[in-house]
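Readers should treat all values here as calculations from the given coordinates under stated rules, not as data from a laboratory. Being a predicted model, the structure only gives us computed values, none of them experimental. Here the Cβ positions follow ideal geometry from the backbone for every residue, glycine too, while neighbour counts run over all protein chains shown.
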Amino acid sequence: MTKAKYKILVCPSDRTGVSKFRSVDPHIRLQEMFPEDFWIDIDYAPKCEDENFFKQYDLVQYHRSVGPDFAKSQKAIEICKRLGIPTVCDIDDYWMPTVDHPAHAIVKENKLDHMIVESLKIAGHVTTTTKVFAQEIKKLNPNVFVLPNTVNPRERQFQPKKNDSKVMRVGWLGGSSHLKDLEILNGVSQKLNGSHKGKFQFVLCGYDLRGSMTVINPQTKQQQTRDIEPHESVWYLYEKIITDDFKILSPEYKKHLHRWEKGGYDDMELPYRRVWTKPITTYASNYNNFDISLAPLKEHIFNKVKSQLKVIEAGFHKKALIAQNYGPYQIDCINAIEYGGTINPKGNSILVDTSKNHKGWYKAIKKLIENPNLASDLGERLYEDVQPYHIDVVTTNRAEFYRELIRKS
């Protein structure tokens, strides 16, 4: 086997979640596509203070910090600069979550936002998900390159499966930090149940009762953690929004849901379906559980610079997308509904203005329930428009970016 020309050190920030999309999968694919150019070492605990450790590499890529310790990370970056080794700091989320984000208190208390900002400032180069976020990062570091999130359609979880449901399935898939986003949908299921009862099903994917609750004592600053009760879970609050506080359900089904048991109920054609969480390696298969994907988003800086991953995933699954006309969803989405209600033949989604949240989400879902062919057409057009986010396309751009950095070092 021919020895690769360049040896790259990759330091993911965790072993799940963001590391899959921003560190592990992109670099495994880089070595697969360009084996003569790149050899990848993935290290979760790099020897940050060992100069000899870094001497073996031509480029160091890390997510937010080189290893979990920001102080040691700074030393590692200083070593790399002294040795002339390019460093690339990747970031996919804004450094300070808003006050309504569950991580806000922890980030603020531990000053993680300041650490991330300093890490960005001293990095040789920064990569991020969108041009919107890149403009914000350039205030701290001018050397920013956009490498968007990608989909590998060879993964089974990103392969769409046809489902001949008798109702229009309207779904949301996400994590536990989106309560304020989902609150935008308050009242929608009530209106739909009044006008289109029996013709739709809301699907909530990712339901998860695992986790803990952290309480910070305001006087002592001491943190205490305990397991959450099912009714304390944010997913329970999500469910109340999606089901109009369970009013669109029968008393029997409501009782079943409040037992928090998996299985035991045929809910395929009911007005609401709970889908339990899946691991990061299979979660996207949830898109096969619905026909319309919803992406509500509250307007603030944290959401403005988020990735458009929901657009990309919905597109590769050929799902109709209804999204907020804001931030990441303005990058690729073309509104199919023009002023006056006419259809834009080039539209690939339906966008809802924040000023019209009170009626826009209901009207958009209603439009697709009444026009299932339009929903199918939007899914097909979105599929065509997200092809630049195929992992092979972005990996080719990454390869050239890395080659150029190494050549200039």
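Please report the spacing between the Cα centers of the range 282-321 and the range 66-81 in Å, no decimals. Measuring centre to centre over Cα atoms gives 34 Å. Only Cα pairs under 8 Å and 6+ residues apart enter the sum, and on that basis the relative contact order of the chain stands at 16 percent.
Structure note, pairs Lys72/Lys298; Lys20/Lys363; Lys81/Lys139: Cα-Cα distances above 27 angstrom occur for Lys72/Lys298; Lys20/Lys363. Straight-distance candidates among the lysines for linking to Lys75, with alpha-carbon spacing under 20 Å and chain neighbours fewer than 8 residues away dropped: Lys47, Lys55, Lys111, Lys121.
Of the trypsin sites (Lys or Arg not before Pro) found in the range 271-367, those in coil by DSSP whose Cβ has at most 13 other Cβ atoms within 10 Å are Lys346.
Using 0.36 nm per residue and subtracting the Cα-Cα separation, the extra length available between Glu155 and Lys7 on full extension is 50.6 nm. For Ala320, the amide hydrogen comes within under 5 Å of the amide hydrogens of Ser293, Gly379, counting only partners 5 or more places away or on other chains and with H modelled in the peptide plane.
You can think of it this way: the chain between Val275 and Lys139 has 44.8 nm of extra reach, that is 0.36 nm per residue less the Cα-Cα gap. In a reduced charge model with +1 at each Lys and Arg Cβ and -1 at each Asp and Glu Cβ, the range 156-388 shows a dipole moment near 140 debye about its Cα centre.
When the range 324-392 is described by a simple charge dipole with +1 on each Lys and Arg Cβ and -1 on each Asp and Glu Cβ, the residue from Asn348, Pro328, Gly360 located farthest towards its positive end is Gly360. Annotation: for a label point projected 7 angstrom from Cα along Cα→Cβ of Glu370, residues of the range 155-181 with backbone N closer than 19 Å are 167-170. For the pair His258 and Ser165, label points projected 7 Å from Cα toward Cβ lie 2.5 nm apart.
The modelled label-to-label distance for the pair Tyr339/Thr98, using points 7 Å beyond Cα in the direction of Cβ, is 2.8 nm.
Each part reduced to its alpha carbon centroid, the range 331-409 and the range 167-243 end up 25 Å apart. Which shape class, rounded, prolate or oblate, goes with the range 70-157 when its Cα gyration tensor gives a ≥ b ≥ c as root eigenvalues, a/c under 1.5 marks rounded, and past that a/b bigger than b/c marks prolate? Taking the square roots of the gyration eigenvalues as a ≥ b ≥ c, the range 70-157 is oblate.
Computing Cα extents along the principal axes in Å directly from the structure and comparing it against (i) 68, 56, 41; (ii) 78, 67, 59; (iii) 62, 48, 43 singles out (i). Taken along the Cα-to-beta-carbon direction at a fixed 7 Å, the label points for Ile228 and Val393 span 3.6 nm.
Sorted on the mean count of surrounding Cβ atoms within 10 Å across their residues, most packed first, peptides 387-400, 100-113, 251-264, 156-169 read 387-400, 100-113, 156-169, 251-264. Only one residue of Asn397, His258, Pro12 has its Cα farthest out toward the positive end of the dipole of the chain, where Lys and Arg carry +1 and Asp and Glu -1 on Cβ, and that residue is His258. If I take R0 = 35 Å and measure r between the Cβ atoms of Thr354 and Asp208 in this structure, what FRET efficiency does the formula 1/(1 + (r/R0)^6) give, to the nearest 0.05? Here the calculated transfer efficiency is 0.80.
For the range 131-249, rounded, prolate or oblate, judged on the Cα gyration tensor with a ≥ b ≥ c (square roots of eigenvalues), a/c < 1.5 rounded, else prolate if a/b > b/c?
Values: a/c = 1.98, a/b = 1.17, b/c = 1.69.
Judged from the Cα gyration tensor, the range 131-249 comes out oblate (a/c at least 1.5, b/c at or above a/b).
For the range 193-223, the list of trypsin sites (Lys or Arg not before Pro) that fall in a loop by DSSP and count at most 13 other C-beta atoms within 10 angstrom reads Lys197, Arg210, Lys221. Were the residues from Glu380 through Lys199 laid out at 0.36 nm apart, the gain over their Cα-Cα distance would be 62.9 nm. Where a ≥ b ≥ c are the square roots of the eigenvalues of the C-alpha gyration tensor, would you call the range 213-339 rounded, which needs a/c under 1.5, or, failing that, prolate if a/b is larger than b/c, or oblate? Because a/c hits 1.5 or more and a/b fails to exceed b/c, the range 213-339 counts as oblate. Dipole size of the chain about its Cα centre, with +1 on Lys/Arg Cβ and -1 on Asp/Glu Cβ: approximately 320 debye, rounded to the nearest 20.
Here Glu49 and Ile216 are evaluated by their C-beta separation; at R0 = 22 Å the FRET efficiency comes out at 0.10.
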